[in-house]
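The values are calculated or read from the model by the stated rules, or taken from the named source; none is laboratory data. Treat the numbers as computed from the prediction; the structure is a model and nothing was measured. For neighbour counting, all protein chains shown are included, and Cβ atoms are generated from backbone atoms with ideal geometry for every residue, glycine included.
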Amino acid sequence: MNTALAVAGSVFVGLAALIHLYIWVLESIRWSQPSTWRTFGVTSQADADTVKPMAFNQGFYNLFLGLGVIIGLVLTWSGALEAGLALVFLAAGSMVGAALVLILSSPKLARAAAIQGAAPAVGIILLVLALTTA
């Protein structure tokens, strides 16, 4: 395995995990603050209250994906390479998949999709290259 590419890929998927943990904080902890729900395009307190249960639930999806990447990285770098990378690829791949669903279902959210999907996509590519080059 190419160690330099593995480190670079790990940094990108690690960044993706941190982004998803931050999104969890916004959606599940800070949703009631107007500055937070406005970030997600919600325009009124009544609308924010209506979608709050969905935002809370969605936030936990982001938490679980972020934790999946983090646990996978810990396993990868502590010697359980196959199990760790399987978990990283599953969690980071799910992040990329969710970003694709977002942009395909709502092209006006392309920026949000890029924030959600670019880092894990780059990380996956680098990790695949790390595994296929010496």
Original post:
Out of the stretch 91-112, which residues are under 10 Å from the mean Cα position of the chain (by Cα) and over 24 Å from Val74 (Cα atoms)?
Top reply: Ala99
**OP:** Only one of these is in contact with a helix residue (DSSP H, G or I) (Cβ under 7 Å, 6 or more places away or on another chain) and more than 22 Å from Ser28 (Cβ to Cβ): Ala110, Ala99, Ala91. Name it.
**Re:** Ala110
Original post:
Which one is surrounded by the fewest Cβ atoms within 10 Å (Cβ to Cβ) among residues in the stretch 96-127 that are touching a residue at least 60 places away in the same chain (Cβ under 8 Å) and within 24 Å of Ala4 (Cβ to Cβ)?
Top reply: Ile125
Original post:
Only one residue in Ala48, Ala17 is touching a helix residue (DSSP H, G or I) at 6+ places or on another chain (Cβ under 8 Å), of a type in the set (Gly, Ala, Ser) and within 21 Å of Gly117 (Cβ to Cβ). Which one?
Top reply: Ala17
**OP:** Just need a number here: residues in the stretch 23-38 that are closer than 26 Å to Ala91 by Cβ and either exposed (fewer than 14 other Cβ atoms within 10 Å of the Cβ) or of a type in the set (Lys, Arg) (or both).
**Re:** 2
**OP:** Looking only at the stretch 116-134, count how many residues are under 10 Å from the mean Cα position of the chain (by Cα) and either of a type in the set (S, T, N, Q) or modelled with pLDDT under 95 (or both).
**Re:** 1
Original post:
Considering Thr50, Thr3, which residue is of a type in the set (Val, Ile, Thr), closer than 22 Å to Ser78 by Cα and exposed (fewer than 15 other Cβ atoms within 10 Å of the Cβ)?
Top reply: Thr3
Original post:
With Ala86, Ala80, Ala92, Ala112 as the choices, which residue is small (Gly, Ala, Ser) and at pLDDT below 95?
Top reply: Ala112
